[in-house]
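S.K.: Got a structure here, written out as structure tokens. Questions coming.
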Amino acid sequence: MLISYLRVGKLLYWSLILFFAESFIYGHQLVKSIEQRGVWAIIFWFSFFLFSFVHIFLVLADGWSRFQNYKRVKDQFFIYGFQGRIAENYIGSKCQRMAATVAAGELGLADKLEDYYESRGVRWFHYIPYFMISDPFFLFKRHFWSRTFLEKAYQSKFDYKSLQYESTP
């Protein structure tokens, strides 16, 4: 379960390391500017520190939400097999596609999913979520916040580890 969690959020957790490093550097610069009492420097470094520090929590929430997507899509693929209409629900962002890809890979459906996404025009370098391009006011939409950071907890319907042991001779 932990391995799947890390595989689903691989890109997110690399960015988490970056945001930790940025927060440390910007925090250090902020402390120096406070000691020197430069108001503009304090405002400058505080804004950078705040940006990177808040992103630590956003990345963690996004990773948790993608793991919920992974559990849901894995159950769906397990029950119904590969279907384009299921894959379509996870096409919107690179992180959602990674959740679907990890789930499909664990069920032996990765090639079908990859072919489907390729047929829909998705390329490996499509990192920016499609909704960000089509809707510049996405930050003000409830759907963005609930789908990206506040995905409801999903309890998997199957114990895949036991199923794996049952299927091996």
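S.K.: Residue under question is His28, and the condition is that it be more than 30 Å from Leu109 (Cβ to Cβ), crowded, with 18+ Cβ neighbours inside 10 Å and not aliphatic (A, V, I, L, M); does it hold?
M.R.: Judged against the criteria, His28 is not a match.
S.K.: Tell me, yes or no, whether the range 8-23 has at least one residue that is surrounded by fewer than 15 Cβ atoms within 10 Å (Cβ to Cβ), of a type in the set (Val, Ile, Thr) and over 30 Å from Ala99 (Cα atoms).
M.R.: Among the residues of the range 8-23, not one is surrounded by fewer than 15 Cβ atoms within 10 Å (Cβ to Cβ), of a type in the set (Val, Ile, Thr) and over 30 Å from Ala99 (Cα atoms), which makes the answer no.
S.K.: Among the residues of the range 73-87, is any under 19 Å from Ser146 (Cβ atoms) and under 12 Å from the mean Cα position of the chain (by Cα)?
M.R.: no
S.K.: Specify the residue that is surrounded by the fewest Cβ atoms within 10 Å (Cβ to Cβ); the eligible residues are those in the range 60-77 that are among the charged types (D, E, K, R) and under 17 Å from Lys94 (Cβ atoms).
M.R.: In the first step, residues of the range 60-77 are kept if they are among the charged types (D, E, K, R); the result is 62, 66, 71-72, 74-75.
Next, only the ones that are under 17 Å from Lys94 (Cβ atoms) stay: 62, 66.
Working: Asp62: 21, Arg66: 26.
Filtering first and then ranking leaves Asp62.
S.K.: Sticking with this structure for a sec: Of everything in the range 120-150, what is modelled with pLDDT of 90 or more and surrounded by 10 or more Cβ atoms within 10 Å (Cβ to Cβ)? Give them in sequence order.
M.R.: Those that are modelled with pLDDT of 90 or more and surrounded by 10 or more Cβ atoms within 10 Å (Cβ to Cβ): Arg120, Val122.
S.K.: Could you pull out every one of the helices (runs of 4 or more DSSP H) wholly within the range 8-100 that has 1 or more residues that are in contact (Cβ under 8 Å) with a residue 40 or more places away in the chain and over 22 Å from Phe125 (Cα atoms)?
M.R.: Ranges flagged: 39-80.
S.K.: Can you find a residue that is more than 27 Å from Trp14 (Cα to Cα), surrounded by 13 or more Cβ atoms within 10 Å (Cβ to Cβ) and touching a Lys or Arg at 6+ places or on another chain (Cβ under 7 Å) anywhere in the range 82-91?
M.R.: Yes, because at least one residue in the range 82-91 is more than 27 Å from Trp14 (Cα to Cα), surrounded by 13 or more Cβ atoms within 10 Å (Cβ to Cβ) and touching a Lys or Arg at 6+ places or on another chain (Cβ under 7 Å).
S.K.: Let me ask something else. Restricting attention to the range 105-135, which residues are assigned to a helix (DSSP H, G or I) and under 16 Å from the mean Cα position of the chain (by Cα)?
M.R.: Matches in the range 105-135: Tyr130, Phe131, Met132.
The values are calculated or read from the model by the stated rules, or taken from the named source; none is laboratory data. Predicted model only: the values in this text are computed from it and were never measured. Every residue, glycine as well, gets a Cβ built from its backbone with ideal geometry; the counts of neighbours run over all protein chains shown.
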